[in-house]
Amino acid sequence: FQNEINEVPFFDIQLPYELALKIFQYLGKTELGRCAQVSRTWKVLAEDEVLWYRLCHQEGFLLDTSISDHSCWKLALRNCRARERALKTNWKNRVGAVSQLRYELGKVLCDVHSCDGVVIAGYTSGEVRLWDTRTWDYTAPILEPMHGPGDAGPQPHVSFVRINSSLAVAAYEDGSISVWSLMFGREPIHRYQHNQRIQALALGSEGATVATASGFEVKVESPDDRGFWQTTKTFEIQKLVNFLNVVPDVTGSPVTVAAAEDIVYLLKAEDPGKILHSVYGQPVTCLDVSAHEAAFGVKTFGWLLNEPNQILLYNLETSQCLKKMGNSIGDFTCVNLQNSPPNMLVTGNKDRRVRVFDLRKSESLCSLYAHQLGVSAVQMDDWKIVSGGEEGLVCVWDQRMGTKLWEMHARHPVRHIWFNSHSLITANVPDEKSPRGASIVDDDLTVHHKHRGTIYAYEFSVDQLAGESVLPICRSSYDEVTGYNYNIGLAVPYDNI
């Protein structure tokens, strides 16, 4: 009968409880389970809440909680791991609920972006709309533009939309930009104007930094310490901008990366117009940036035919080229560096393939034959890849096996893909904004659904009950809630086919 509070028997010596706890903190789940079978005293020690709280955080679960939030952290870790396994199974077997985000009055879809399940969409009617896919009963508000004294008549088309955790931004065909705060209602908090059509729009993943490119000008806007918006910096560059990104997690003045034909600029307030990369005759075909690196695809043609297309990786702090990856005949059409796992990079190409690169080896880990007309959007995590193609196909792949798990098809090219552990958002945006058969009258709604474009939201979470994870109109009174394999599991829960 030992004093379990003060002393723990360690073979032939007695250790204080705190010292024994420090020894046990180096053990994993399996070792703690074995130690709990040694004796009653060791069982109390091996099931200490501090040990399991630390293990839970080490595996990435419940990071924003304190030790007092759960009475049994061993059970909490077990539930988190079971939920992760169930989510992975649902992803692989396409079990969940799907909803289509529609807005008929918006006419044809122009651009879509999303952040943490909140979707923003711009339309040819000039309207911008939000959806929060995390709640089914969310009424999507229309973000109202800021009307000037001479703004009578129809609204111009929306060119680009972007959203982060606090802001929503839309750029219009007439060169105007509206910024909304997601906290303060539907009226814009800031608006500014370019003289020409906007070619690129970028919004920082966190904070409030908006960058726009129009003509040979790149303008960066952000609020000051008092919250008043101002032009942080205006850059004059030599060529028309094709791609624009704001570098995330930058302290101090914002940093942007712009790709203008065959030149890549690193735009800082203190060092304006610094050229990161420039090779004559090699235009940039895609661009993405992380906190310290920039990845972009370059296209070779003309007298450089003997050199294949490549992905270049640059360090933003030293401005040095770190890696040259890929030897492809086709052009690289999309690259995702910011959302990829550490030391990983995923790209899409016109040669119909999705490629995953290891940045430490500069070689392709896997190459997936994906889409007939080329890859237009791609994202990956530690075990799966989601890709979208110009033909409208969305494919989900198992990265390690290199096999396709399932696919969904819509009419128009896939222009946006975003997913996290339990949800997926895809957007099929039509290239033709004025389809044949559409009336000239502004308030006419005769544009057929097939011309409008579609936004899909998939939910694979197991937190919801089976009967509550679909819309009420689709719910069944049957006790059996299994569906057939060619639908999202629970949408038609009538029988097994």
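Projecting the Cα atoms of Thr65, Cys115, Trp91 onto the dipole axis of segment 40-124, where Lys and Arg carry +1 and Asp and Glu carry -1 at the beta carbon, places Trp91 farthest toward the positive end. Its alpha carbons give segment 17-92 an Rg and a Dmax of 13.6, 45 Å. For Ser376, the residues 5 or more places off, or on other chains, whose built amide H falls under 5 Å of its own are Gly388, Gly389, Glu390.
For the pair Glu18 and Leu373, the difference between a 0.36 nm per residue extended length and the Cα-Cα distance amounts to 121.5 nm. The gain in end-to-end length when the Ser39 to His292 segment is fully stretched comes to 86.0 nm, 0.36 nm per residue minus the alpha carbon separation.
Bridgeable lysines around Lys404 (alpha carbons under 22 Å apart, same-chain partners fewer than 8 residues away excluded): Lys88, Lys92, Lys350, Lys384. Excluding ligands, DNA and RNA, the accessible surface per residue across segment 17-92 is 62 Å² with a 1.4 Å probe.
Measuring nothing but protein heavy atoms, the accessible surface of segment 17-92 at 1.4 Å probe radius is 53 percent carbon and sulfur. Taken along the Cα-to-beta-carbon direction at a fixed 7 Å, the label points for Asp431 and Asp398 span 3.5 nm. Rounded to the nearest Hz, the phi-derived 3J(HN,Hα) couplings of segment 347-360 under the Karplus curve 6.51 cos²θ - 1.76 cosθ + 1.60 (θ = phi - 60°) are 9, x, 9, 5, 7, 6, 10, 9, 10, 10, 10, 9, 5, 7, where x marks glycine and proline. Quick check on segment 105-253: take the gyration tensor over C-alpha atoms, sort the square-rooted eigenvalues as a ≥ b ≥ c, and tell me if it's rounded (a/c under 1.5), prolate or oblate. Judged from the Cα gyration tensor, segment 105-253 comes out oblate (a/c at least 1.5, b/c at or above a/b).
Taking 0.36 nm per residue of separation and subtracting the Cα-Cα distance, what length does fully extending Gln100 through Glu217 add? Can you show the working numbers first?
Working: separation 117, 0.36 × 117 = 42.12 nm, distance 3.76 nm.
Result: 38.4 nm gained on full extension.
Could you list the residues of segment 237-256 with an amide nitrogen less than 20 Å from a label point located 7 Å from the Cα of Glu317 in the Cα-to-C-beta direction? It comes to 246-256, nothing else.
Among 33-44, 355-366, 277-288, sorting by the average number of other beta carbon atoms lying within 10 angstrom of each residue, highest first, gives 277-288, 355-366, 33-44. In a DSSP loop and with at most 13 other Cβ atoms within 10 Å, the trypsin sites (Lys or Arg not before Pro) in segment 189-288 are Arg226. Over segment 17-92, Cα pairs under 8 Å with separation of 6+ residues give a relative contact order of 23 percent.
Distance between the 7 Å Cα→Cβ label points at Cys72 and Ser278: 6.6 nm.
The HN-Hα couplings worked out from phi for segment 263-274 by the Karplus form 6.51 cos²θ - 1.76 cosθ + 1.60 (θ = phi - 60°) are 10, 10, 9, 10, 9, 10, 5, 7, 9, x, x, 6 Hz, whole numbers, x standing for Gly and Pro.
When the chymotrypsin sites (Phe, Trp or Tyr not before Pro) in segment 380-417 are filtered for DSSP coil states and for at most 15 other beta-carbon atoms within 10 Å of their beta-carbon, the remaining sites are Trp383. Projecting label points 7 angstrom from Cα along Cα→Cβ for Asp381 and Lys450 puts them 3.6 nm apart.
Evaluate E = 1/(1 + (r/R0)^6) for Arg191 and Ser165, where r is the Cβ-Cβ distance and R0 equals 25 Å; express this FRET efficiency to the nearest 0.05. Numbers along the way, then the final one.
On the way: r = 21 Å, r/R0 = 0.85.
Calculated transfer efficiency: 0.75.
Along segment 96-108 the Karplus relation, 6.51 cos²θ - 1.76 cosθ + 1.60 evaluated at θ = phi - 60°, assigns HN-Hα couplings of x, 10, 10, 9, 10, 8, 10, 9, 5, 6, x, 6, 8 Hz to successive residues, with x for each Gly and Pro. Using a cut-off of under 19 Å, list every residue of segment 310-329 whose amide N is near the label point 7 Å from the Cα of Arg360 along the Cα-to-beta-carbon line. Under cut-off, by backbone N: 313-315, 322-326. Taking amide H as placed 1.01 Å from N in the peptide plane, Leu15 has its amide H under 5 Å from the amide H of Val8, Phe10, each at least 5 places away in sequence or on another chain.
The values are calculated or read from the model by the stated rules, or taken from the named source; none is laboratory data. Fair warning: this is a prediction, and the values are worked out from it, not measured in the lab. Reconstructed Cβ throughout: ideal geometry from the backbone, glycine too, with neighbour counts over all protein chains shown. Just the protein is used for accessible areas: all its heavy atoms, side chains included, with ligands, DNA and RNA removed. Shrake-Rupley method; radii C 1.70, N 1.55, O 1.52, S 1.80 Å.
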